[in-house]
Structures are given as structure tokens and as C-alpha cells.
């Protein structure tokens with residue numbers, strides 16, 4: 001689930017793994033604890049923008065503004081989350097239509113044809129670190145779990161089987177949003 005709150009609510013406390021970003025197959029070096037940060041600080045500026053700032057094994061999250069208005073999210077058991085000053089689409093997405101595609105990675109014939117319909121969802125758009133500008137909101141992404149990142153061979157391999165999400169399995173989870 002994704003939703004946005006005003007940028008003024010970027011102060012974040014959470015009980016989960018941290019303090020740095022972590023993923024199901026990249027969290028053994030993080031400790032479950034109580035952490036405080038901001039959505040701006042949770043952003044990691046990868047050279048090629050991509051999903052970032054994720055946290056696993058989270059019991060609850062609180063977003064607070066400077067007037068102590070708080071929004072608390074409590075998991076029924078555990079959840080994972082991101083809280084960033086950007087949308088998911090800002091990080092290398094099909095929706096970033098104002099950015100060009102990486103035509104230079106194709107053959108001369110493919111470049112000459114330059115057919116947007118043929119490359120949709122296949123050829124990435126060119127997104128660079130300087131394209132990521134904080135927005136006037138904090139986007140919260142809540143997940144039961146997110147597939148692992150894999151990457152044992154220069155980020156080309158799939159995650160281990162135990163870190164994947166089985167599409168044939170039924171998953172149930174829940175959380176409560178509490179304004180304070």
C-alpha cells in the first residue's frame with residue numbers, strides 16, 4: 001500500500017531493522033531496534049536511481065511533524081516499509097515520460113526505428129542521480145514483504161528461493177493507522 005503525507009511529517013520513528021536500508025536477503029547485518037530518522041535521510045543516492053531506503057521486520061512506524069502531529073502505523077505482526085520524499089515512479093520508471101530511453105544500448109537499426117510502443121516496459125528510461133529532487137510530500141510504502149534483491153553476480157541473478165514471493169501462495173496481513 002502506498003500513500004502520501006505532507007513533507008512536514010518527515011520525522012520518522014520505527015521499531016524494526018536498521019538504521020540503514022535492508023532487504024529480506026540483505027538484513028542479517030542490521031539489528032531490530034528503535035530508530036529515529038527523516039524521510040530525507042532515508043533516501044540513498046544510488047548512481048542509477050532505483051528503489052531504496054527499505055526496512056524489514058518492522059512492528060510500527062510513526063511520522064511526526066514539527067507541531068507533534070503524529071500518524072502511527074502498527075502491523076498486526078510484522079511489515080516492511082519505505083518512507084521517502086519521492087514517489088516510486090521517480091526511480092527509473094515507465095511513468096517518467098519526460099526522460100529519454102537508453103537508445104544507445106541498442107543496435108543502429110533499433111535506434112533508427114525508435115518505436116516507443118515496441119520498447120515499452122523493456123528499455124529503461126535514462127534516469128540519473130541529479131533527476132531525483134525531493135517532492136513536497138513523504139510517500140509511505142507498506143508491504144507484507146518485498147522480494148529480495150539477489151545480485152550475487154553484479155546484480156544479474158535472482159534472489160534465493162526463500163527470498164522470493166510465490167505468486168501462487170495466498171498472503172494475509174494487516175495494519176492499523178492511528179492518528180494522534
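None of the figures in this text is laboratory data; all of them are computed from the coordinates on show. Just so we're clear, the structure is a prediction, and the values are computed from it rather than from any experiment. Cβ placement follows ideal geometry from the backbone for every residue including glycine, while neighbour counts extend to all protein chains displayed.
How many angstrom lie between the Cα centre of the stretch 127-177 and the Cα centre of the stretch 1-72?
Here the answer is 13 Å between Cα centres.
What FRET efficiency comes out for the pair residue 68/residue 173, r = Cβ-Cβ distance, R0 = 25 Å, nearest 0.05?
0.30
Who wins for biggest fluctuation among 87, 157, 40 in a Gaussian network model of the chain, springs between alpha carbons below 10 Å?
It is 157.
Per Stokes-Einstein, at 37 °C and 0.692 mPa s, what whole-number D in µm² s⁻¹ belongs to the chain, with the Kirkwood radius over Cα pairs as the hydrodynamic radius?
The Stokes-Einstein estimate is 183 µm²/s.
Which residue, 45, 19, 167, has the most motion in a Gaussian network model of the chain that connects Cα atoms within less than 10 Å?
Comparing 45, 19, 167 in a Gaussian network model of the chain, the most mobile one is 167.
Taking the chain as a Gaussian network, where each spring joins two C-alpha atoms under 10 Å apart, which residue of 52, 117, 22 fluctuates the most?
Among 52, 117, 22, the largest mean-square fluctuation in the Gaussian network model of the chain belongs to 117.
Please identify which residues in the stretch 43-79 have an amide N closer than 14 Å to a label point set 7 Å out from the Cα of residue 34, following the Cα→Cβ vector.
Backbone N within reach: 59-62.
Restricting to DSSP H runs of at least four residues, report the calculated mean residue ellipticity at 222 nm for the chain, -39500 (n - 2.57) per run over all residues, nearest 500 deg cm²/dmol.
Taking each H run of at least 4 residues, the total per residue is -1500 deg cm²/dmol.
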